[in-house]
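Novice: Quick one: the structure is below, questions incoming.
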Amino acid sequence: MTDLPALRRILSANRTLAVVGLSADWFRPSYFAAKYMLAHGYTVIPVNPRYREILGQVSYPGLRDIPVPVDLVDVFRRTEDVLPIARDAIAIGAKVLWQQIGVLDRESDALVRAAGMESVMDRCVKIEHARLFGGLGWVGVDTGVISARRPRAA
């Protein structure tokens, strides 16, 4: 399990996210999370062969089609779909493989860690960002982070 300081460091240091399985439907969790991350200064690269553009960003059919460096690969796919995505994340030189809530492919986790990448499983980038950088406390949610000061995103 990834601890809070590691999550804070990952979200501060990795500003270009490729979101695999990002939907163009506004009501889907992937859309909401990507929109939130865009609004908080992240570069979001949609990866979905069904669309040419999502949230005003060019969408690519696969990770290997992205022409710029990617820091973090955020996976909004079923657990059984993760292994080829993990292999592609390694191939493109990503630094982090992030499996969203409910996605727990331990084989992919071990593979990317062996390749020198960081790995997060069963967590949402939007929820973790809001929890660690002050977004949830404003609406009365107990984040479990006790501090007199709100950490700032890099």
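Novice: Report yes if some residue within segment 69-87 is more than 14 Å from the chain's Cα centre (by Cα) and among the aromatic types (F, W, Y); otherwise report no.
Specialist: There is no residue in segment 69-87 that is more than 14 Å from the chain's Cα centre (by Cα) and among the aromatic types (F, W, Y).
Novice: Can you tell which of R131, R152 is among the charged types (D, E, K, R), outside any helix (DSSP H, G or I) and either modelled with pLDDT under 95 or under 23 Å from D65 (Cα atoms) (or both)?
Specialist: None of the others qualify; the one that does is R152.
Novice: Among (1) over 13 Å from F76 (Cβ atoms); (2) out of contact with any helix residue (DSSP H, G or I) (no Cβ under 9 Å at 6 or more places or on another chain); (3) not basic (K, R), there is one condition Y31 misses while meeting the rest; what is its number?
Specialist: (1)
Novice: Specify which of the listed residues (I66, I45) is within 12 Å of the chain's Cα centre (by Cα) and β-branched (V, I, T).
Specialist: I45
Novice: Here are some residues: P5, P67. Which one is part of a helix (DSSP H, G or I) and either loosely packed, with under 14 Cβ neighbours inside 10 Å or small (G, A, S) (or both)?
Specialist: The match here is P5.
Novice: With respect to V112, determine if the residue is in a loop (DSSP other than H, G, I, E, B), surrounded by 17 or more Cβ atoms within 10 Å (Cβ to Cβ) and without any contact (Cβ under 8 Å) to a residue 40 or more places away in the chain.
Specialist: Spelling it out, it is not the case that V112 is in a loop (DSSP other than H, G, I, E, B), surrounded by 17 or more Cβ atoms within 10 Å (Cβ to Cβ) and without any contact (Cβ under 8 Å) to a residue 40 or more places away in the chain.
Novice: May I pose another question? Under 18 Å from D122 (Cα atoms), modelled with pLDDT of 95 or more, touching a Pro at 6+ places or on another chain (Cβ under 9 Å) and outside any loop (DSSP other than H, G, I, E, B): is that true of A89 in this structure?
Specialist: So A89 does not fit the description; no.
The values are calculated or read from the model by the stated rules, or taken from the named source; none is laboratory data. All figures in this text were calculated on a predicted structure; none of them were measured in a lab. Here the Cβ is made from the backbone with ideal geometry for all residues, glycine too, and neighbour counts use every protein chain on show.
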